Amino acid sequence: MLSEEKQEKKRDPNNPCLLCKDPRGVSLNNELAYSARDSYAVSPGHTLIIPRRHVASFFDLTPDEINACMELVNEERNALDEELKPDGYNIGVNVGPAAGQSILHAHIHLIPRYKGDVENPQGGVRHVLPKKAYYTR
């Protein structure tokens, strides 16, 4: 019963849209997009790049919105390089619930990576499908 009550009280990030209504911790911005650290970071410096216009799919962004987002990806990368000095990055976009998108407002994940943060980083983003992550040449 207690877990059911907790589930009922859990905030729906899409009603109202968390990324439209209450942008928190904005680090950089431009006319069409902004960036902020991820509240549920998978590594130090994990950052979201978010278009200002509410649209669910990355594929529905205009070319100008994509360019504005990519400018912030590069600016954030430069800032993270200076601040945290990561050894690499993953850049990812989840499109649709089947791909793991839980907030239905397009956003790009910029995830700093550090030597040793996983035992074997081979495959990188391929790990979204664990059985397909590792490959041989």
Could you derive backbone 3J(HN,Hα) for region 94-111 from the dihedral phi with the Karplus parameters 6.51, -1.76 and 1.60 (θ = phi - 60°), listing whole Hz in sequence and x where the residue is Gly or Pro?
9, 10, x, x, 5, 9, x, 6, 10, 9, 7, 9, 3, 7, 10, 8, 10, 10
Which distance in nm do the two modelled labels at Val128 and Lys85 give, with both placed 7 Å along the Cα-to-Cβ direction?
3.2 nm
Got a sec to turn the phi values of region 74-84 into Karplus ³J(HN,Hα) couplings, 6.51 cos²θ - 1.76 cosθ + 1.60 with θ = phi - 60°, whole Hz, x for Gly and Pro?
5, 5, 5, 4, 4, 5, 5, 4, 6, 6, 10
Using a 4.7 Å cut-off between beta carbons, which cysteines in the chain end up with no partner cysteine at all?
Cys69
Phi to ³J(HN,Hα) by Karplus 6.51 cos²θ - 1.76 cosθ + 1.60 over region 113-130, Hz, x for Gly, Pro
10, 10, 3, x, 5, 9, 4, 9, x, 3, x, x, 5, 4, 5, 5, 10, x
Tell me the mean residue ellipticity at 222 nm calculated for the chain from its helices only (DSSP H runs of n ≥ 4, each -39500 (n - 2.57), averaged over every residue, nearest 500).
-7500 deg cm²/dmol
Could you pull out every residue, at least 5 positions away or on a different chain, whose amide H is within less than 5 Å of the one on Ser57? Hs are placed 1.01 Å off N in the peptide plane, and Pro or chain starts have none.
Ala106
Where trypsin sites (Lys or Arg not before Pro) fall in DSSP loop in region 24-62, at most 12 other Cβ within 10 Å:
Arg24
Springs between alpha-carbon pairs under 10 angstrom, Gaussian network model over the chain: which of Glu65, Glu31, Glu76 fluctuates most?
Glu31
Kirkwood Rh, Cα atoms: Rg over Rh of region 12-132
0.96
Using a Förster radius of 41 Å, what is the FRET efficiency between Val118 and Arg53 based on their Cβ-Cβ separation? Nearest 0.05, please.
0.75
When only Cα pairs under 8 Å and 6 or more residues apart are kept, what is the percent relative contact order across region 12-132?
27 percent
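Coordinate-derived values only; no laboratory data. Predicted, not measured: the structure shown is a model, and the values here were computed from it. So basically every Cβ, Gly included, is an ideal-geometry build from the backbone, and we count neighbours across all protein chains shown.
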